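Where a number appears in this text, it was derived from the coordinates with a stated rule and is not lab data. Small disclaimer: the values here were computed from a predicted structure and weren't measured. Heads up, the Cβs are rebuilt from the backbone with ideal geometry, glycines too, and the neighbour counts pull from every protein chain shown.
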Amino acid sequence: MADHAATHAGHTHGHIAPVSMYITIFLALMAGTGITVAVAYVDVGFFNTAVALGIAVTKATLVILYFMHVRWASRLTWLVILASVFWLILMFTIGMTDYLSRDWMGVPGR
């Protein structure tokens, strides 16, 4: 009994989400997987990668917000996540500038 009182004294507990929310998010993730498979069989030309990445980002966002409880997290957690997303975008941008500018100088000896 003393352990129970000691663990609750002055400590806050995280958000407790209902099971129905987890089931709904799980079904949304399964629907996203089904849409991903269906879109793989449809040729949308140049937008194939963009559609696949859009679905993947949506599913990852659901997982981060609900299964990792970031939706109910502190502002510091949100700041860390936003900084991480900013850093990821920065790294992709730097990588793409290198990749897209490789033909500008030409290949020596060609």
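Key figures
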{"quantity": "Segment Ser20-Trp87, length gained on full extension (0.36 nm per residue, minus Cα span)", "calculated": "20.7 nm"}
{"quantity": "Neighbourhood charge, 15 Å Cβ-Cβ cut-off, centred on Leu82 and excluding it, Lys, Arg +1 and Asp, Glu -1", "calculated": "+2"}
{"quantity": "Label selected from (i) 18.4; (ii) 14.2; (iii) 16.4, the criterion being Kirkwood radius over Cα pairs in Å as computed here", "calculated": "(i)"}
{"quantity": "Gain upon complete extension [Ala40, Tyr99; 0.36 nm per residue less C-alpha separation]", "calculated": "18.7 nm"}
{"quantity": "MRE, 222 nm, helices only [DSSP H, n ≥ 4, -39500 (n - 2.57), over the chain, to nearest 500]", "calculated": "-21500 deg cm²/dmol"}
{"quantity": "Nearest-0.05 FRET efficiency for Ala28 and Arg75, computed from C-beta distance (R0 35 Å)", "calculated": "0.85"}
